[in-house]
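The values are calculated or read from the model by the stated rules, or taken from the named source; none is laboratory data. Just so it is clear, the structure is predicted and the values come from calculations on it, not from any experiment. Glycine also receives a Cβ, built like all others from the backbone with ideal geometry; neighbour counts cover every protein chain displayed.
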Amino acid sequence: MNKTNFILIKIVLAFVTTSYAQGNNIKKEYYRHLIFRETPYSDTRGNHPIDNATAQKEAHYLFVYDEQDRLIEVSHRLGDALIADNGNWDSFIWFSPKMTIEYQANQEIRHYYDHLNKPIEAHGAMYKAVFLINKKGKRTEVKFYNKDNQPSENAWGIHTYQWEHLKDGKVIEKRFDLKGAPKTIRPNFTFYTVRLEFGTDDLLDFMYHLNDEGKIINNTMKAGMDRIVYDQEENFSRWMVFDKNLQPVEGNAPEFAIGEHLYDCRGNKVELRGFDVAGKNKAMPNGVARTINAYDQFNNQIEVKNYDLEGNLLLHAKREFSADGRRVEWLKFYDSNGNITLHPNGQFAALKFEYHDDGSLAAQIPFDKDLQKINNQ
């Protein structure tokens, strides 16, 4: 099947899985995953569309649109219930179980909520995000505010993103803290000013690190450009790192020249691995060369295994969810023989999660390798 035919099938699927709330024109769509985003400039988009019947049985993202076909809500759910993080990582730019969007003359205002549907400060002190929109409908800036409506920073120390639109469709992005000092994309991704380049599908393909004259420069991690690649289902499948001369380099965290994500048929990320400039398998600085993930019928991530270059098991963690799949109840660690063992930091072998009647977390109780409760912690 060629790319064009596949995209047409996805468009049809998205259409037939769209529903309309009774009594009004609000449109709803259901997706198993989100399209990967590296910057809040990019639209929030769903991937792997499903119908409402499937959404009742699996973790998914609900997209809600108003009468003008504008996105006004995105939420992470299982059935009709909001759910907390289930380990199903999709994007760096998704910070809460629910996000609402309201529109004003030249603004797009976002608020964040927890799995109890209560307003929260997400990802640092980010209670509200206010985007400025120019006359062409393009985002030019976003600033963050806390619950007291005071200017604030996200968990990466960023208060504002600024975007300059070039004539060829490319976008210059800069980030600043509350004092106006430049900030990097993330603490372990030390690009400051970047040029964002998008494909005809509006997916981010290239990020170039620039100096004040607009020339490509290397950062503190030997990198000058990141190339993001998507597979035929628009999963974020690969990133490639180059220096300022556009030569492959083992730069940026986790110091791969090429990093790869592998997926199952539902779009769940089942493996992460990396390679050096010669194409050989490479480990991260922490020794992990390969990560294997497993999921349950709800698309909750229930198992993670980390291996070194020689195939030795470094970490084996399992999460046990409630019977309805809506909340995690246990986190347990195992050795290579399948026996419960201490976490690598040696503090506990398992954690039991207990909840209040309203669904809020009440306690995380540590247990030893014999599943005996550890006291005085």
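Selection of segment 125-137 for residues being farther than 17 Å from Ser96 by Cα and surrounded by 13 or more Cβ atoms within 10 Å (Cβ to Cβ) yields Phe131, Leu132, Ile133. Taking (1) in contact (Cβ under 8 Å) with a residue 24 or more places away in the chain; (2) closer than 24 Å to Ser42 by Cβ; (3) in contact with a Gly (Cβ under 8 Å, 6 or more places away or on another chain) in turn, Lys222 satisfies each apart from (2).
Scanning segment 101-146 for residues that are of a type in the set (A, V, I, L, M), in a strand (DSSP E or B) and touching a residue at least 24 places away in the same chain (Cβ under 8 Å) turns up Ile101, Ala122, Met126, Ala129, Leu132, Ile133, Val142. When the residues of segment 343-357 are narrowed to those that are farther than 19 Å from Gln301 by Cα and at pLDDT below 95, which ends up surrounded by the most Cβ atoms within 10 Å (Cβ to Cβ)? Per the stated criteria, the residue is Gln347. For His209, the criteria (1) over 25 Å from Tyr31 (Cβ atoms); (2) surrounded by fewer than 17 Cβ atoms within 10 Å (Cβ to Cβ) hold in every case but one, which is (2). Considering only residues of segment 268-281 that are surrounded by fewer than 19 Cβ atoms within 10 Å (Cβ to Cβ) and within 18 Å of the chain's Cα centre (by Cα), which is farthest from Gln297 (Cα to Cα)? Across segment 268-281, the extreme among qualifying residues is Glu271.
Residues are listed down the side, and each one gets a yes or a no for (1) of a type in the set (Lys, Arg); (2) assigned to a strand (DSSP E or B); (3) in the same structural domain as His33 (by TED's automatic domain parsing):
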site: Tyr192; (1), (2), (3): no, no, no
site: Leu196; (1), (2), (3): no, yes, no
site: Thr200; (1), (2), (3): no, no, no
site: Tyr208; (1), (2), (3): no, yes, no
site: Asp212; (1), (2), (3): no, no, no
site: Asn218; (1), (2), (3): no, no, no
site: Lys222; (1), (2), (3): yes, no, no
site: Asp226; (1), (2), (3): no, yes, no
site: Gln232; (1), (2), (3): no, no, no
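The set of residues from segment 79-93 being over 19 Å from Ile302 (Cβ atoms) and either touching a helix residue (DSSP H, G or I) at 6+ places or on another chain (Cβ under 6 Å) or surrounded by fewer than 19 Cβ atoms within 10 Å (Cβ to Cβ) (or both) comprises Asp80, Ser91, Phe92, Ile93. No other residue among His76, His48, His115 is of a type outside the set (D, E, K, R), surrounded by 18 or more Cβ atoms within 10 Å (Cβ to Cβ), touching a Gly at 6+ places or on another chain (Cβ under 9 Å) and closer than 24 Å to Ala323 by Cβ apart from His115. Evaluated against (1) without any contact (Cβ under 8 Å) to a residue 24 or more places away in the chain; (2) aromatic (Phe, Trp, Tyr); (3) assigned by TED's automatic domain parsing to the domain that holds Tyr355, Phe321 falls short on exactly one condition, (1). Looking at segment 270-377, the strands (runs of 3 or more DSSP E) lying wholly inside it that each contain 2 or more residues that are among the basic types (Lys, Arg) sit at 313-321. The requirement of being over 19 Å from the mean Cα position of the chain (by Cα) and without any contact (Cβ under 8 Å) to a residue 60 or more places away in the chain is satisfied by Ile72.
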